[in-house]
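For reference, the structure discussed in these notes is given below.
The values are calculated or read from the model by the stated rules, or taken from the named source; none is laboratory data. Values in this document were obtained by computation on a predicted structure and should not be read as measured data. Positions of Cβ are generated from backbone atoms using ideal geometry, with glycine treated the same way; all protein chains shown enter the neighbour counts. Accessible surface is based on the protein model in full, side chains and every heavy atom, while ligands, DNA and RNA are left aside. Shrake-Rupley method; radii C 1.70, N 1.55, O 1.52, S 1.80 Å.
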Amino acid sequence: MTTARVAVALGSNLGDRASTLAAAVAALSPILESPRCSPWYDTEPVGVGPQPRFLNGVVVGETTLTLHAFFHQLMTIEARL
């Protein structure tokens, strides 16, 4: 079984941003081995018109999923959150 190292950029600008990102990290835990999370950064929206500020960060880990399966899991998590 092949393991791939992946980095997932996360961001939220609606509602309780920190709770949404914590839920995203928790949802990634079953598909990532040894996940590590960067600090969260509060940033202004750029190139998207007037919107609330974003909270952004990155989660890095390893997965045994194929690229297609990993992407499908990411889209499922995003739709749920």
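Looking at this structure, is T76 within 13 Å of the chain's Cα centre (by Cα) and touching a residue at least 24 places away in the same chain (Cβ under 8 Å)?
no
Under 8 Å between Cβ atoms, which residue pairs at least 6 apart in sequence (or on different chains) link something in segment 21-47 that is farther than 23 Å from T2 by Cβ and free of Cβ contacts under 8 Å to residues at least 40 places away in the same chain with a partner that is open to solvent by 60 Å² or more (accessible area, probe 1.4 Å) and in a loop (DSSP other than H, G, I, E, B)?
Close Cβ pairs satisfying both conditions: L21/W40; D42/R53; T43/R53; E44/R53; P45/Q51; P45/P52; P45/R53.
Looking at (1) free of Cβ contacts under 8 Å to residues at least 40 places away in the same chain; (2) farther than 21 Å from A79 by Cα, find the lone condition where M1 falls short.
Among (1) free of Cβ contacts under 8 Å to residues at least 40 places away in the same chain; (2) farther than 21 Å from A79 by Cα, the lone unmet condition for M1 is (1).
Looking only at strands (runs of 3 or more DSSP E) that fall completely inside the chain, which ones have 1 or more residues that are surrounded by 15 or more Cβ atoms within 10 Å (Cβ to Cβ)?
Ranges flagged: 4-12, 33-37, 54-63.
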